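What follows is one structure encoded as structure tokens, with my remarks underneath.
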Amino acid sequence: MKHPSQETLALHAGGDLGWVAGWRTGRHLSHCDQCREEVAAFRGLREVLPDLNEIPEVAWNRLASEMKANIRLGLAAGECVRAEEKPLRHTLFSGARTAVAVASVVALLVTGVMIERPGQRPAPAAVDGVVLQSTRGGIQVFDGARALRLLHTGVKEENVIRSVGAQGSMRARYVDPETGYVTINNVYAE
Amino acid sequence: MRSDSKLRVALFSLLGAAGLLAQNSPLESRDAVKVNIPQDSPVNFVSMTMGESRATARGAALLLDLHMSLELRNASPNRIHGVVLRVVSQEVAAGGKASVAVPSLNIKPGDAFPVRIDLQLIRPTQVLAGGPLVQVDLDGVLFQDFSFYGQDRLNSRRLLTVWETEAQRDREYFKRVLAQSGSKGLQQEVLASLARQADQPQLDVRVIRRRAVAATAAPERTAQFAFVRFPGAPVEPIDGSAEISGSEARAPRIEVQNQSARTVKYVEMAWLVSDSRGQQYMAASLPASDAELYLPPGKTARLVQDTELRFSRRNFPVNIDKMTGFVSQVEFADGKVWVPNRQNLENAALLNIVAPSAEEQRLTDLYRRKGLNALVEELKKF
């Protein structure tokens, strides 16, 4: 369980937290004895300090004592740091926001690298000629906007043996699952 | 905010338009495909069925999806061991042609057999062409005794003869293992072959044949071939190189010499490439460029091609570090062929790099699907 910081508990003790933070801290206190005791201690300090400096006939003294108590309360809260526990407020808001921001930047960088990485992807540039290439599920010959593709339907890619002839031919060899015959599809750019 | 709204409207409009354009309709086989098999052919055309064949408009392009199953019958007195069908579309007449070959057959006289052709054509929608979209011709039939019938426009005779020679080599090998080591030994050999097939790294190769000599950048370097030489091979490689730029190879050329006493009319080299980590891949075959090659005993010839090859694997370029070549097939003037034997390939550690023959692929697939007994029965048929 993550506990609110000492600062948050001190501010809660003085009723100085905002509405959301106050509700959240109150919710935590409802099931955390440790923090409830902390808050009770802050409240006790806050009540005792003014009494110690009280001079009934001088209203100024009462005011000064209350100010002093608040200052001490603030200083005490500032000095109390629980090194092993992260503040609830930062975990739920700042941490999540940071994570989202970091993830977005990483995704942006990775996408950029994948798209723009020079020389890492064969760029299908327009070619003034005939091109042979294998595609998933077949081999094809294409020339501009026209293409002829022979398919090896129903055959797993790993069971297809492809070969190329440097003169401008391409083959896909497989065992036809329906006929049981070895079938060799050929496309030619000659 | 306002620009966001405009962007959304534009996007929805675009999607809507694409949806309207992406309409499809079934294709009638009679209009789409014409099968040309001569009346006097030793193979008869029995029937053709069209599965889910459709034409789909996609924006400015029309996608024609053709799924055909042809039934042919052996009308000759010999067993058929291989067939090549030529597939031509006038839609891509400038772009090229295709074929579907079925080697390693064993069709008795009178028996019918199916050949499946699944193809797609993509063309601009504004192009209107009369006649069938696709023509299927019988380019060649090879029989058990190596006799041949057909137009042979795609060098089907040589291809089918090479595949049948490799098939005989590998069937004999498996039969010998069965005879010497029994079914357990055969099983081990088949499992080793399946493991090799699974481990063989395959390159994605893009082949470009330009219409005109392009003003391409100068190559980074000219790489020399290292050669694997087989004892008793009729043709020996002498020297060879290719222009290399990263993952791109251009203008491979290899000089070979006929070491045999017979005239050679076709030579093909296998071309292996290694990346910077030393991983070796089968890259391509390098055939003789001269269709009328005539190589008498002792003479030399040069195998030259002017295509560009771009190598990649899993969408990333494979930069070429080293190149190796070996003679993978030779055709003599009398039509007989030479291919490396299994010992050649095994000794040179090439079995792990070079793809198995069509017959080895068929037999190991049969074992995978139907088991050891089915494989043993199949070997007994030859």
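Read-outs throughout are calculated quantities, based only on the coordinates presented, and are distinct from any laboratory measurement. Please read these numbers as outputs of a predicted model, since none were measured by experiment. Reconstructed Cβ throughout: ideal geometry from the backbone, glycine too, with neighbour counts over all protein chains shown.
Table for the structure above
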read-out: Stokes-Einstein translational diffusion, chain B - Kirkwood Rh over all Cα pairs, 1.306 mPa s, 10 °C, in µm²/s; value: 66 µm²/s
read-out: Globularity index of segment B:169-244, i.e. its alpha-carbon radius of gyration over 2.2 N^0.38 Å; value: 1.84
read-out: q = 0.10, 0.13, 0.16, 0.23 Å⁻¹: log10 I(q)/I(0) that the Debye formula gives for segment B:255-352, counting C-alpha atoms only; value: -0.33, -0.55, -0.78, -1.21
read-out: Alpha carbon centroid spacing (whole Å) that separates segment B:42-61 from segment B:227-275; value: 40 Å
read-out: Averaged over A:149-156, number of beta-carbon atoms from partner chains that fall within 10 Å; value: 4
read-out: Peptides ranked, highest mean first, by Cβ atoms within 10 Å: ranges B:173-186, B:321-334, B:58-71; value: B:321-334, B:58-71, B:173-186
read-out: Chain B - mean residue ellipticity at 222 nm from DSSP helices (-39,500 (n - 2.57) per run, n ≥ 4, rounded to 500); value: -8500 deg cm²/dmol
read-out: Contour excess over end-to-end distance, with Cα ends at B:LYS175 and B:SER25 and 0.36 nm allotted per residue; value: 48.9 nm
read-out: Computed E for B:SER47/B:GLN144 - FRET, C-beta separation, R0 30 angstrom, nearest 0.05; value: 0.75
read-out: Rh (Kirkwood; distinct C-alpha pairs) - segment A:1-42, Å; value: 9.9 Å
read-out: Debye intensity ratio in log₁₀ form over the Cα atoms of segment B:186-312, taken at each q of 0.15, 0.18 Å⁻¹; value: -0.84, -1.06
read-out: Calculated SAXS-style log₁₀ I(q)/I(0) at q = 0.12, 0.18, 0.23, 0.24 Å⁻¹ - segment B:108-213, Debye, Cα scatterers; value: -0.83, -1.21, -1.23, -1.24
read-out: Exercise: per-residue mean of other protein chain Cβ atoms within 10 Å, B:117-124; value: 6
read-out: Too-long pairs where the Cα-Cα distance tops 28 Å, listed order kept, from B:LYS336/B:LYS370; B:LYS175/B:LYS265; B:LYS175/B:LYS370; B:LYS97/B:LYS265; value: B:LYS336/B:LYS370; B:LYS175/B:LYS265
read-out: All lysines inside 22 Å of A:LYS2 as judged from Cα atoms, apart from same-chain residues fewer than 8 positions distant; value: A:LYS86
